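*Asks:* Sharing a structure below in structure tokens format, with a few things to ask.
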Amino acid sequence: MNRDRVIILGAGLCGLAAADELGAAGASSLVLESEQSVGGLAGGFQRGGYTFDYGPHRFHTPDPVTRDYFLGLFPDGAFLTPRRKSEIQLVGKRFAYPLEFRDVIRNLDLVDNARAFIDYLEAFARLRFSNPPEESFEDWVVNRFGRTLFDLYFGPYTEKLWGLPTSRISPDWASQRISLVNLFDVLKRLILPGRKDEPRTYAREFLYPAAGIAELPRRLAARAAERGAEIRTGALVVALRRTTGGFSVRLRGADNREYEETAARVISTIPLPELLHGLEPRPAGPVLTAAKGLRLRALVFSHLTYRGATPSDNHWIYFPEAGYTFNRISEPANFAPELAPVGAAALTVEISCDVDDAHWNRPAAEVHRSAEAGLRRAGLLREAVETAYLSRQPAAYPVYDLGYAERYAACLAAANRHENLITTGRQGLFRYGNMDHALIMGRKAALVALGRQERETAQAVGTENEYFG
Ligand SMILES: Cc1cc2nc3c(=O)[nH]c(=O)nc-3n(C[C@H](O)[C@H](O)[C@H](O)COP(=O)(O)OP(=O)(O)OC[C@H]3O[C@@H](n4cnc5c(N)ncnc54)[C@H](O)[C@@H]3O)c2cc1C
């Protein structure tokens, strides 16, 4: 038993921040990552002079300590501070996102406009003066935006993203993810069209590494290693066995050979259901059933390159309509010019799906063909595609379906029955957080392992009822 070190499962931002923090405190750690490179969802890859992220990633945080943590990794100033620009493509037109009423009015016809506005006012009054039911995501949005805007955008987009009817999606994540429009702001903007006030609810400016988002985990990994962490990629965790005084982690290496590593304390950032299924002694039957019921939504990415410029100045564009297989596209060179060679550009297309469904298993050529056809139809691609790359992320979004909260609570309690096992991160806490949350979760988990913080306090990161952007 290696008593002094902490084993960390997963080298996404959370696991790396934990290793970095442990190193800063003089403690050693071994980070085990199944992929060949670090970064997890905030990783990326480089090919043919292009750099690709797994979907658009902008770093922003309301926490000055975490902002400084990011900046501390870039003492050379190799980052940019772009202003977010994103739109929705709908009925052949583009709407600013987060929604701006002036834009809605300009783009919709008179009847739709009148209906959207009346619905919105009605919803506003109903929410103010009565207590409408709020059992699902659909209720939450209709109560705040009205039925017309729900049917036009929020409903179709969310169903496509989650692969579930919105009446079966919990309202829990909506308040953290949907920027509310204040009626007073709306009227002020309509009456004073020149005003550029922004709702206080979302951050415009963000931080972005000039070399792509993967530069953030790369630098974090390098610093953690300097501070004594061992970071081992190509190491798939298959089981975690409780032993006297600690844990034994069973791993499968790239050569398919299985071996074990031991430690007194484990920080796990791998998906909570996966952790429970690999835990020995096995958790009780109902816990494993609950774990099976915690779904993770996957993403398939088609990255297309061509000679020419980016089609718009957006960082990303949402596609709610069922006629498009994808739910969002992004324009890497608008994040940082270095991400594409001079005179060339790329588009990243995101298709949400479940692991092993038809989209997940589709041959790459078909995925690219359908992505390309959609982009041409949307008027976003006119040039010939030079190269197409495929990437996949199996655990992109925790699915907050109705009843998930009880299942999650049972799973978390089962993991927490083990002293010195700290499940954390987006996957480990089944929490739809951002990169800043992942960093904070990792740093706090390290403090727990060092005996300087309560586990439950560290596991509460990202539960606050505020807009995450
Ligand atoms: C499409 C998309 C866009 C996003 N955009 C933004 C954004 O704009 N801004 C923002 O702040 N956040 C964004 N996020 C969220 C952000 O990516 C995550 O919150 C953050 O990267 C999570 O880090 P993590 O370390 O907690 O989890 P992960 O990155 O998921 O890390 C978990 C790691 O565990 C590894 N692992 C899993 N199973 C095993 C196993 N059995 N053995 C060994 N290793 C294993 C995985 O390979 C992975 O590296 C976005 C997420 C997605 C999906």
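The values are calculated or read from the model by the stated rules, or taken from the named source; none is laboratory data. Because the structure is a prediction, the values reported are computed rather than measured. With ideal geometry, Cβ positions are generated from the backbone for all residues, glycine too; neighbour counts draw on all protein chains shown. Note: areas computed on protein heavy atoms with side chains; ligands, DNA, RNA excluded. Shrake-Rupley method; radii C 1.70, N 1.55, O 1.52, S 1.80 Å.
*Asks:* Taking R147 as the residue in question, decide whether it is basic (K, R), farther than 26 Å from F326 by Cα and touching a residue at least 12 places away in the same chain (Cβ under 8 Å).
*Replies:* Numbers: basic (K, R): yes; farther than 26 Å from F326 by Cα: no; touching a residue at least 12 places away in the same chain (Cβ under 8 Å): yes.
Criteria not met by R147.
*Asks:* Consider L80 carefully, then state whether it is in contact with a Phe, Trp or Tyr (Cβ under 6 Å, 6 or more places away or on another chain) and open to solvent by less than 70 Å² (accessible area, probe 1.4 Å).
*Replies:* On the way: in contact with a Phe, Trp or Tyr (Cβ under 6 Å, 6 or more places away or on another chain): yes; open to solvent by less than 70 Å² (accessible area, probe 1.4 Å): yes.
In short, yes.
*Asks:* Let me ask something else about it. So the check is Cβ under 7 Å with 6+ separation or different chains; which pairs have a first residue in segment 268-293 that's free of Cβ contacts under 8 Å to residues at least 24 places away in the same chain and a second one that's open to solvent by 10 Å² or more (accessible area, probe 1.4 Å) and within 12 Å of the ligand (Cβ to nearest atom)?
*Replies:* Within 7 Å, the pairs are L288/H277; K292/P273.
*Asks:* Now a separate question. Regarding S268, is this residue within 14 Å of the ligand (Cβ to nearest atom), under 25 Å from G451 (Cα atoms) and among the small types (G, A, S)? First the steps, then the outcome.
*Replies:* Numbers: within 14 Å of the ligand (Cβ to nearest atom): yes; under 25 Å from G451 (Cα atoms): yes; among the small types (G, A, S): yes.
For S268, the condition - within 14 Å of the ligand (Cβ to nearest atom), under 25 Å from G451 (Cα atoms) and among the small types (G, A, S) - is met.
*Asks:* May I ask you to say which residue of T348, T305 is hydroxyl-bearing (S, T, Y) and away from the ligand (no atom under 16 Å from the Cβ)? I'd like the intermediate steps shown before the answer.
*Replies:* Details: T348 fails: away from the ligand (no atom under 16 Å from the Cβ).
Going through T348, T305 in turn, just one is hydroxyl-bearing (S, T, Y) and away from the ligand (no atom under 16 Å from the Cβ): T305.
Table: residues versus (1) at pLDDT 95 or above; (2) open to solvent by 20 Å² or more (accessible area, probe 1.4 Å); (3) in contact with a Gly (Cβ under 6 Å, 6 or more places away or on another chain).
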site	(1), (2), (3)
T233	yes, yes, no
G245	no, yes, no
L251	yes, no, no
R265	yes, yes, no
H277	yes, yes, no
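*Asks:* Would you check if there is a residue in segment 17-35 being under 18 Å from the mean Cα position of the chain (by Cα) and open to solvent by less than 20 Å² (accessible area, probe 1.4 Å)?
*Replies:* For segment 17-35, residues under 18 Å from the mean Cα position of the chain (by Cα) and open to solvent by less than 20 Å² (accessible area, probe 1.4 Å): present.
*Asks:* Of the residues that sit in segment 314-345 and are farther than 30 Å from A78 by Cα and among the aromatic types (F, W, Y), which one is farthest from the ligand (Cβ to nearest atom)?
*Replies:* Only one residue fits best here, namely Y324.
*Asks:* Same structure again: Within segment 412-429, which residues are surrounded by fewer than 24 Cβ atoms within 10 Å (Cβ to Cβ) and touching a Phe, Trp or Tyr at 6+ places or on another chain (Cβ under 9 Å)?
*Replies:* Residues satisfying the conditions are L412, H418, N420, L421.
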